[in-house]
1. Those residues that are modelled with pLDDT of 75 or more, surrounded by fewer than 13 Cβ atoms within 10 Å (Cβ to Cβ) and among the small types (Gly, Ala, Ser), I need them from segment 1-38; list them, please.
2. Which one is nearest to the chain's Cα centre (by Cα) among residues in segment 13-44 that are away from the ligand (no atom under 14 Å from the Cβ) and part of a strand (DSSP E or B)?
Amino acid sequence: MARKKKIEYHSYYEGHLRYMACKVCGRYQNVGEEAIGVKCSRCVNMMMMNNYPLETKPSYIPTGRPPGWHFMKEFVDKDGNVFHRGKEVPKLKGTLKPTKVKSPKKRKTKRRTKEQMLVARHKEKKAALKKAVKKQKDFLNHNIDKG
Ligand SMILES: [Zn+2]
């Protein structure tokens, strides 16, 4: 399989098409004549994710709106904008109280409580074990005393 290769930045021609290796992962892709170094779309996306995770992560809502607010029958944001199932209703703006949004802080507390519960359970187990050991010791002592 003979390939015409004209190496610049890991690039080669196939017919009139110029291919160049992605700078990051090395995957070849079709590029223009003037390209010096390229990244494939996958790596560009990855880079975007790394640089702007807040913009590309769909789970992050910078507006302070709760996840799934656009599925809610009625949602009023903190500026008084009213949305019915995600559709803005401009004439209702300012007429309704903002929908209360559960803050992420609450979730943190929940997690801490769970941890605390685990710690408490662990302590309980330890205490129970201690009690059991003591009971056994008492029992043995008692037996020895008797015997
Ligand atoms: Zn790549």
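1. GLY15, GLY26, GLY32
2. ARG18
The values are calculated or read from the model by the stated rules, or taken from the named source; none is laboratory data. Just so it is clear, the model here is predicted, and its values are computed rather than measured. Backbone-built Cβ (ideal geometry, glycine too); neighbour counts: all protein chains shown.
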